[in-house]
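Participant: Pasting in a structure now, in structure tokens, and then I'll have a few things to ask.
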Amino acid sequence: MSGLPSPGATGEQTTVGVLALQGDFEAHGAVLARLGAIVREVRVPADLEGLDGLVIPGGESTTITLGIEREQLGEPLKAFHASGKPIFGTCAGLIMLDSEHLGIIDLRAERNAFGRQVRSFEAPVELGLPGGPVAAVFIRAPWIADHGPDVEILAEVDGHGVAAREGQVLVVAFHPELSGDDRLHALFLQSVRDARLAAA
Ligand code: GLN
């Protein structure tokens, strides 16, 4: 035994799913793989089997909603959450998790809240991560319009929540997979590893 521990060789490697019905799931997969996770694209309920965590990417929430209905993924996704597995929703993924869609996090997202294409922008968002604010890419982004008492708002832009956490669910209104700044994915992956160890 020498050198750095190899997660793959010790069987300790974390497997993270990325919902791949529509949207920029490939970019999320690339970041997670870069951070050392095994990545699995999720298209049908059986793909959730054995995952340690799940990312729901940005894209178009109406299309993703239709895909979830078509593949009958709604109940399996809720069960995945109920089993204590961490979920990270970004942009349309935040919308999918809200109280008007899957109801996995106790908040209501307002779609296209910053305006449509014209309000796509990049802004520094302070999340208290080591290294300072993240450069956040907002694309027809939602914001958090209302939330329940157990939801912690982690960051705001223009006075509106754009990042939040409730238990094992982390959501951001922007696209962390597009900025080249992997810190949010690293934070999520750490929560996935912690949850896996806690459940072992
Ligand atoms: N505006 C999109 C929607 O409502 C979300 C945008 C995104 O994910 N970049 O589905």
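Participant: Report, ordered by the first and then the second residue, all pairs with beta carbons closer than 9 Å, sequence separation of six or more or different chains, a first member in segment 70-96 that is on the phi < 0 side of the Ramachandran plot, and a second member that is outside any helix (DSSP H, G or I) and aromatic (Phe, Trp, Tyr).
Facilitator: That search, which allows pairs on different chains as well, returns THR90/PHE174.
Participant: Next question, about the same structure. Quickly run through segment 136-177 and pick out the residues that are open to solvent by 30 Å² or more (accessible area, probe 1.4 Å), in contact with a strand residue (DSSP E or B) (Cβ under 7 Å, 6 or more places away or on another chain) and either on the phi > 0 side of the Ramachandran plot or within 16 Å of the ligand (Cβ to nearest atom) (or both).
Facilitator: TRP143, ALA145, HIS160
Participant: Just to be sure I understand, how many residues within segment 41-59 are surrounded by fewer than 18 Cβ atoms within 10 Å (Cβ to Cβ) and in contact with a helix residue (DSSP H, G or I) (Cβ under 6 Å, 6 or more places away or on another chain)? Write out each step before concluding.
Facilitator: Kept after step one, since they are surrounded by fewer than 18 Cβ atoms within 10 Å (Cβ to Cβ), are these residues of segment 41-59: 41, 43-46, 49-50.
In the following step, the residues that additionally are in contact with a helix residue (DSSP H, G or I) (Cβ under 6 Å, 6 or more places away or on another chain) were identified as 45.
Counting residues in segment 41-59 that are surrounded by fewer than 18 Cβ atoms within 10 Å (Cβ to Cβ) and in contact with a helix residue (DSSP H, G or I) (Cβ under 6 Å, 6 or more places away or on another chain) gives 1.
Participant: Out of (1) over 16 Å from the mean Cα position of the chain (by Cα); (2) of a type in the set (S, T, N, Q); (3) within 16 Å of the ligand (Cβ to nearest atom), what's the single condition that is false for THR90?
Facilitator: (1) is the only condition that THR90 fails.
Participant: If you don't mind, another one. What residue, among those in segment 34-68 that are part of a helix (DSSP H, G or I) and touching a strand residue (DSSP E or B) at 6+ places or on another chain (Cβ under 9 Å), is nearest to the ligand (Cβ to nearest atom)?
Facilitator: Applying the filter and picking the extreme gives SER61.
Participant: For segment 69-98, which positions are surrounded by 24 or more Cβ atoms within 10 Å (Cβ to Cβ), in a loop (DSSP other than H, G, I, E, B) and hydrophobic (A, V, I, L, M, F, W, C)?
Facilitator: The one that is surrounded by 24 or more Cβ atoms within 10 Å (Cβ to Cβ), in a loop (DSSP other than H, G, I, E, B) and hydrophobic (A, V, I, L, M, F, W, C): CYS91.
Participant: Please go through segment 21-33 and pick out each residue that is outside any helix (DSSP H, G or I) and surrounded by 22 or more Cβ atoms within 10 Å (Cβ to Cβ).
Facilitator: If the condition is that a residue be outside any helix (DSSP H, G or I) and surrounded by 22 or more Cβ atoms within 10 Å (Cβ to Cβ), then LEU21, GLY23 are the ones that fit.
The values are calculated or read from the model by the stated rules, or taken from the named source; none is laboratory data. Remember, it's a predicted structure, so these values are computed and weren't measured experimentally. In this analysis, Cβ positions are derived from the backbone assuming ideal geometry, glycine residues included, and neighbour counts consider all displayed protein chains. For the accessible areas, the whole protein counts, side chains as well, though only heavy atoms, and no ligand, DNA or RNA atoms are used. Shrake-Rupley method; radii C 1.70, N 1.55, O 1.52, S 1.80 Å.
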